[in-house]
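This report concerns only the one structure given below.
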Amino acid sequence: MERAAVVAGLGGWVPPTVVSNDQLAEVLDTSDEWIRRRTGIRERRWVSPGQSTGDLAVEAGRRALASAGLEGVDAVVLATSSPDRHCPATAPEVATRLGLGPVPAFDVAAVCTGFVYALATGAGLVALGAAETVLVVGADAFSTLLAPDDRSTRVIFGDGGGAVVLRAGSSTEPGALTGLNLGSDGSLSDLIEVPAGGSRQRSTGVPAKTEDTYFTMQGQTVYAQAVRRMAESVQETVERTGWNLAEIDSFVLHQANARILAAVARRLGRPPERFLSNIETRGNTVAASIPLALADGVASGELRPGHKVVLAGFGGGLTWGSMALVWPRLAAHRTVSPEPAAAATEVGMP
Ligand code: ACO
């Protein structure tokens, strides 16, 4: 019986402001029909002015701690690519706001694969004996990185946070993480980027052009990579775990696009209904996407204790990764945010 990191709590949160496709179509050259057909997205939530990734992480983290029945943990790992500030990391402030004391807390940046990387990091801390419990959060307020007039990115992304609590346990119990597979390909780093604001641009001493401060993505090339890398990573993880694809009850993949989920299902030869999806109402929430899909899956009853689950992410870097677990029985909890307080009246940059 080996020591392993076991999922012991789950929480998710999205901000109250709903932005519908029709609202976007009022200010961009797009339509509800195009967005639904090409992505499967109907609406998404965006932060309101002054709200940040740290706020999303705190709300998600609070719910995950309550679900685990814990008031403290030994470490906090936050996956994000839209930190509150360029420096320092957002995780220490999140830990303090959650009342967790002077625990180690740090950010992990792997864009949409961030949560899987953070989970692997948290599981590593547990496996080393450096922590008995770890809060692993994925949170992004990616709407703040999108160019106001870019229809190709603005329709895709939503904001949110999702979190799990890991505790030390045994590799044979439900919730134990196993079968880790991670990868990257930096030769394709230009496919998903915010060109300006980093040391390469700042060292030139030339002020950044405004358009270079926004997120860009070469959608079609990324699409093909996402399908290939997630399918291959899932296969690798299933093999390492000693399972076969036919016995997986729930594939919980990064929610980038409904067509990508369908294409991975086809490539793996598995029925699409085994692929959990919340993209219709959440959009692509970057590092929050996988834990939010878990939270929504538990809330809808689609994800149940005893299910064999594979988590898989893909994103900028390029990066990809996956892990497997048998879904554990968690304490009853409300995973996702309250009902929308207000619909957005204006779809501009916060
Ligand atoms: N409304 C209307 N038309 C649009 C819109 C829009 N919102 N956006 C793009 N178009 C147009 C394009 O301009 C293009 O027009 P053209 O043919 O006249 O040039 C046409 O629609 C087709 O554009 P494509 O980019 O080929 O559209 P596609 O079907 O590929 O969908 C999308 C675009 C949704 C971005 C898709 O490529 C995708 O999902 N890619 C993968 C995203 C992903 O997996 N990202 C990884 C994680 S993200 C991260 O790490 C942060």
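Pick out the one residue from THR144, THR113, THR153 that is of a type in the set (Ser, Thr, Tyr), surrounded by 21 or more Cβ atoms within 10 Å (Cβ to Cβ) and at negative phi.
Working: THR144 fails: surrounded by 21 or more Cβ atoms within 10 Å (Cβ to Cβ); THR153 fails: surrounded by 21 or more Cβ atoms within 10 Å (Cβ to Cβ).
When all the criteria are applied, what remains is THR113.
In the list GLY313, GLY321, GLY317, which residue meets the criterion of being modelled with pLDDT of 95 or more and part of a loop (DSSP other than H, G, I, E, B)? Let's see the steps before the verdict.
Values: GLY313 fails: part of a loop (DSSP other than H, G, I, E, B); GLY321 fails: part of a loop (DSSP other than H, G, I, E, B).
So the residue among GLY313, GLY321, GLY317 that is modelled with pLDDT of 95 or more and part of a loop (DSSP other than H, G, I, E, B) is GLY317.
Among the numbered criteria (1) under 14 Å from ALA75 (Cα atoms); (2) touching a strand residue (DSSP E or B) at 6+ places or on another chain (Cβ under 6 Å); (3) assigned to a loop (DSSP other than H, G, I, E, B), which one does VAL137 miss?
(3)
May I ask you to list pairs of residues, at least six apart or on different chains, whose Cβ atoms are under 6 Å apart, with the first in the range 32-53 being closer than 15 Å to SER277 by Cβ and the second being more than 9 Å from the ligand (Cβ to nearest atom) and of a type in the set (S, T, N, Q)?
Note: pairs meeting the criteria are GLU43/SER20; GLU43/THR281.
Residue by residue, here is whether (1) open to solvent by 50 Å² or more (accessible area, probe 1.4 Å); (2) in contact with a Leu (Cβ under 8 Å, 6 or more places away or on another chain); (3) not in a strand (DSSP E or B) holds:
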{"site": "ASP190", "(1), (2), (3)": "yes, no, yes"}
{"site": "ALA196", "(1), (2), (3)": "no, no, yes"}
{"site": "PRO207", "(1), (2), (3)": "yes, no, yes"}
{"site": "VAL222", "(1), (2), (3)": "no, yes, yes"}
{"site": "ALA226", "(1), (2), (3)": "no, no, yes"}
{"site": "MET230", "(1), (2), (3)": "no, yes, yes"}
{"site": "VAL234", "(1), (2), (3)": "no, yes, yes"}
{"site": "GLU239", "(1), (2), (3)": "yes, no, yes"}
{"site": "TRP243", "(1), (2), (3)": "no, no, yes"}
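If I ask for residues that are open to solvent by 70 Å² or more (accessible area, probe 1.4 Å), within 16 Å of SER152 (Cα to Cα) and away from the ligand (no atom under 16 Å from the Cβ), which ones from the range 209-220 would you list?
Here is the first cut: in the range 209-220, the ones open to solvent by 70 Å² or more (accessible area, probe 1.4 Å) are 209-211, 218, 220.
Checking the rest, the ones that are also within 16 Å of SER152 (Cα to Cα) come to 211, 218, 220.
The answer is GLU211, and nothing else.
Quickly run through the range 209-220 and pick out the residues that are closer than 17 Å to CYS112 by Cβ and part of a helix (DSSP H, G or I).
GLY219, GLN220
The values are calculated or read from the model by the stated rules, or taken from the named source; none is laboratory data. What you are looking at is a predicted structure, and each value in this text was computed from that prediction instead of being measured. Neighbour counts run over all protein chains shown; Cβ positions are idealised from the backbone, glycine included. Each accessible area value is taken on the protein alone, full model and side chains, heavy atoms only, with ligands, DNA and RNA left out. Shrake-Rupley method; radii C 1.70, N 1.55, O 1.52, S 1.80 Å.
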